[in-house]
Each structure stands twice: as structure tokens, then as C-alpha cells.
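One structure below.
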Amino acid sequence: MGNPRLAVYPGTFDPITNGHADLVSRAATLFDHVVVAVADSSSKGPVFSIAERITLARLALADLPNVEVRGFDCLLATFVQDIGAGVIIRGLRAVSDFEYEFQLASMNRHLIPQAETLFLTPAEQYSFISSSLVREIGRLGGEISGFVHPAVQQAMRQRWQKSRTGSNNQPEKEGDHHA
């Protein structure tokens, strides 16, 4: 059996949100040590590189002394075995997340029977936040300060400003509307 006092919270964290940070904070009270495992996921075409996502997660979680942020580019089961974790933390925002998360937990139980999956739900004020929604709001110039750590907000603002200055931001002409 893996160490039941060592938990892994895996994800892409593109970007890490206040919802993620809430789950990590609560997991940190339940376990001696929590590893936030940032998946490479380059095939998903993340906005931030793995190095940037690790840095942003470290900044967002800096006040949690028993939390470590590490990247990984292998099967989660391999990573969990390599560090000797006994628990995999997964977040459930809504009932709609459960079926997929249950499937993942069942697969992980098959691959690493020595590790248990623990589902946590975010605090109500974070239950609607997702990285993909935050990315979209940020990309379109919306206010994201209530959804992410200030360092993440700044990094996103800089990323979108770079992409805007490199693109054609000319106003649409009459009859040039997109559906």
C-alpha cells in the first residue's frame, strides 16, 4: 500500500484556479503531504507551458507548507507509484463530473490497487469555475480576478496581450459578421 498520508492531486492546471487552490488547501489539512502533479499534456495544446504552469501553481499555493508542486509526463499510475502516494485527490464540481471521474478512479484502481481515489468538492463559491472558462473569459478581455490568484491573472493578461498585438485586431466591416 502507498503512504496513506501522502496524496497526489493531478491535473493540467491550465491555469490553476481558485477552485483548484481551495481543494488543495482542504487536502493539505487532511494529509501530511500533498503533491500537486501538473501533467505535461502538450497534446492538449495548453496555453501555458508545463514550466509556466508549475511556476503559477507554486505561486498560487505558496502559503501551504505541506504542498509540493511537481510536473509529470508519464502515466499517472506510474507517477503515483514512483512517489509512493496512497491517495489520489480528484475534484467534483457538479454531478456531471462524476461519471467521468468514477471511470478514471476505476481505471486507476485497476492500475494501482495500492492507491485510493478521494473525491473532494470545492467550496460553493468556486463550484462553477473551470480552467477552460477562465481561459475563454481572459482571452476575451473579461475580468478574472475572482477566479484565479493575482500572479495567474497577470500571466494571463500578458499572454493575451501578446497574442492580440500579434494578430489583426481591425474592427469588422459592415457585412463582415461572424456567426
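Out of all the residues in the range 108-140, which are over 10 Å from residue 93 (Cα atoms) and surrounded by 19 or more Cβ atoms within 10 Å (Cβ to Cβ)?
Within the range 108-140, 108, 112, 115, 131, 134, 135, 138 qualify.
If we keep just the residues of the range 74-89 that are touching a Phe, Trp or Tyr at 6+ places or on another chain (Cβ under 9 Å) and without any contact (Cβ under 8 Å) to a residue 60 or more places away in the chain, which is surrounded by the most Cβ atoms within 10 Å (Cβ to Cβ)?
Only one residue fits best here, namely 78.
For the range 148-169, which residues satisfy the criterion of being buried (at least 17 other Cβ atoms within 10 Å of the Cβ) and assigned to a loop (DSSP other than H, G, I, E, B)?
Within the range 148-169, 148, 149 meet the criteria.
Given (1) within 24 Å of residue 34 (Cβ to Cβ); (2) more than 16 Å from the chain's Cα centre (by Cα); (3) not in a helix (DSSP H, G or I), identify the lone condition not met by residue 145.
With respect to (1) within 24 Å of residue 34 (Cβ to Cβ); (2) more than 16 Å from the chain's Cα centre (by Cα); (3) not in a helix (DSSP H, G or I), residue 145 is out only on (1).
Taking residue 34 and the conditions (1) at pLDDT below 95; (2) surrounded by 14 or more Cβ atoms within 10 Å (Cβ to Cβ), which numbered condition does it fall short on, given that it satisfies the others?
(1)
Residues in the range 117-141 that are touching a helix residue (DSSP H, G or I) at 6+ places or on another chain (Cβ under 8 Å) and either among the charged types (D, E, K, R) or free of Cβ contacts under 8 Å to residues at least 24 places away in the same chain (or both): how many?
Total satisfying the criteria: 4.
Using the structure shown, decide if residue 94 is within 20 Å of residue 128 (Cα to Cα) and surrounded by fewer than 16 Cβ atoms within 10 Å (Cβ to Cβ).
Numbers: within 20 Å of residue 128 (Cα to Cα): yes; surrounded by fewer than 16 Cβ atoms within 10 Å (Cβ to Cβ): yes.
So residue 94 fits the description; yes.
Quick check: is even one residue across the range 50-59 free of Cβ contacts under 8 Å to residues at least 60 places away in the same chain, among the acidic types (Asp, Glu) and farther than 21 Å from residue 125 by Cβ?
no
The values are calculated or read from the model by the stated rules, or taken from the named source; none is laboratory data. The structure displayed is predicted, hence computed values, not measured ones. No Cβ is skipped: glycine too gets one built from the backbone with ideal geometry, and neighbour counts run over all protein chains shown.
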